[in-house]
1. Can you list the strands (runs of 3 or more DSSP E) lying wholly within the range 166-263 that have 1 or more residues being in contact (Cβ under 8 Å) with a residue 24 or more places away in the chain and of a type in the set (D, E)?
2. Test K197 against the stated conditions and say whether it is surrounded by 15 or more Cβ atoms within 10 Å (Cβ to Cβ) and either more than 23 Å from D219 (Cβ to Cβ) or in contact with a helix residue (DSSP H, G or I) (Cβ under 6 Å, 6 or more places away or on another chain) (or both).
3. What pairs can you find where one residue is in the range 473-491 and under 30 Å from T402 (Cβ atoms), the other is of a type in the set (A, V, I, L, M, F, W, C), and their Cβ atoms are less than 6 Å apart, with a gap of 6+ or different chains?
4. Here's a check for you: in the range 1-54, which residue that is of a type in the set (S, T, N, Q) and part of a strand (DSSP E or B) is surrounded by the most Cβ atoms within 10 Å (Cβ to Cβ)?
5. Count, please, the residues in the range 383-412 that happen to be among the basic types (K, R) and at pLDDT 95 or above.
6. If S339 meets every condition in (1) at pLDDT 95 or above; (2) surrounded by 11 or more Cβ atoms within 10 Å (Cβ to Cβ) apart from one, which number is that one?
7. Conditions: (1) under 22 Å from V469 (Cα atoms); (2) touching a strand residue (DSSP E or B) at 6+ places or on another chain (Cβ under 8 Å). L411 meets all but one. Number of the miss?
8. List the number of the failed condition for E432; all other conditions in (1) surrounded by 14 or more Cβ atoms within 10 Å (Cβ to Cβ); (2) among the charged types (D, E, K, R); (3) farther than 17 Å from A320 by Cβ hold.
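The values are calculated or read from the model by the stated rules, or taken from the named source; none is laboratory data. Fair warning: this is a prediction, and the values are worked out from it, not measured in the lab. Glycine also receives a Cβ, built like all others from the backbone with ideal geometry; neighbour counts cover every protein chain displayed.
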Amino acid sequence: MYRSMRCNALRPEHIGQTVSLAGWVDAIRDHGGVLFLDLRDETGITQVVFHEGLSPEGINREAVITVTGKVVARDAETVNAKLATGLVEVHVAEYELLGPCRQMLPFTPSDSMETREEVRLKYRYLDLRNPDLHSKIILRSKVISALRRHMEELGFLDMQTPILTASSPEGARDFLVPSRKHKGKFYALPQAPQQFKQLLMVSGFDRYYQVAPCFRDEDARQDRSPGEFYQLDYEMAFATQDEVLAVCEQVISKTFAEFAPDKVSSAAPFERITYADAMLKYGSDKPDLRNPLTIMDLTDFFAKVEFKAFKGRPVRGIVADCSGCSKKFFEDSLKFALSIGMKGLGYLTLKEGQFKGPIDKFLTDDQRKEITELSGIKEGETLFFICDGARVVDTMAGQIRTWLGETLDILEKDAFRFCFVVDFPMYEINAETGKMDFTHNPFSMPQGGLEALNTKDPLEILAYQYDLVCNGIELASGAVRNHNPEIMKKAFAIAGYT
């Protein structure tokens, strides 16, 4: 038997017992013939002591050993309050070197994050011994287990769909696998289980889920590994949009409460924000709700102001408390605005009841009163103005909002703020072709069905599409399926497909 206990399990109640431990040597300290080793396994660390007369040979850091000995209370001066096992140690009677380790390693696991990536990947088994990485892999396993538990509590069945399938591109290139039996033919690895889960619903299964592998031949993203990633995928029969969202928010809120109890997290039901409101108030369809700043539409106000730079174009405003900011802050804000393609960044600051700033001279007294009431600006605050073309003004305002929130350090700390963005437009004008095109998922159900497609301006038609957003990051997306062939034909005809 290699071990009778895990390294992190020893406590004062085990004093006097003989135990066996196995693991990796994390640290070695030689105190004049008495050798102290920190022995590490997946659970933690225990100090083991080799006394004179038992001189281990060939034991270096990261060597794999098993030891047997008696559990002893540490001397008061050697107690380590940082370790769960810090009140005890094991005095070794027997040991065996299971896996020797050379003296010089490419890097030590504790320092792997400071090592070049190519070296870490070459010696990945060393890299994964890093406590931070190791704990994240364990956390991932526990989170997936919790997700499965929550889904099954809601009546979902865990069902695996095929990995080798026919090509069905979904926005990225496929990974192809040549067929041995059928020369010149290829399988594709699925970008998502889309068609299979819909077939399950047609087959009479009511609720499906899986932790699904997805394969996409695309460049790496900051939040996604290149080539392969996993997602919690689910499908429901006879479900409305609200019912689908209710499942998502139940599972997510329970999971975050379990694994991040020390952080503030949005409680279910999550806030619903329409796409139009998200773009206007936050300048993004992935709003970060930790940022208290919001954007307002000042287009109608500036239509009455004799300021030519803003004439005939949409104007957005953001109020922020910049009372303690230096001149350099405003210079930096202008530099950032120019860096994202803006031609400038106007502002007004309210000091001692008077507006200060380059735009003030274009305002009448009545207009100053109106903008004060309209914006809600208070003493010491600054109202920033963003003006550009209709296609980009909201996005630019969103970037200014993000910059202000981060620079002023006003984002809510230790918080996960969730929301659903809903009511995405079904169609848009393609910027390259100038023709009508689908905004996102062409197979989603248009709100209003066939009547909306026949009677409304296509650019006014909304779709049953939705995104789950947390802290400015899109975590999930979905749609209500278009199951009606006539609606499908008409939807594609509007986009120019016949």
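1. Per the criteria, 227-236.
2. yes
3. Short answer, once both residue conditions are applied: L475/L468; A476/L468.
4. Of everything passing the filter in the range 1-54, T46 is surrounded by the most Cβ atoms within 10 Å (Cβ to Cβ).
5. 1
6. Result: S339 passes all but (2).
7. (2)
8. (1)
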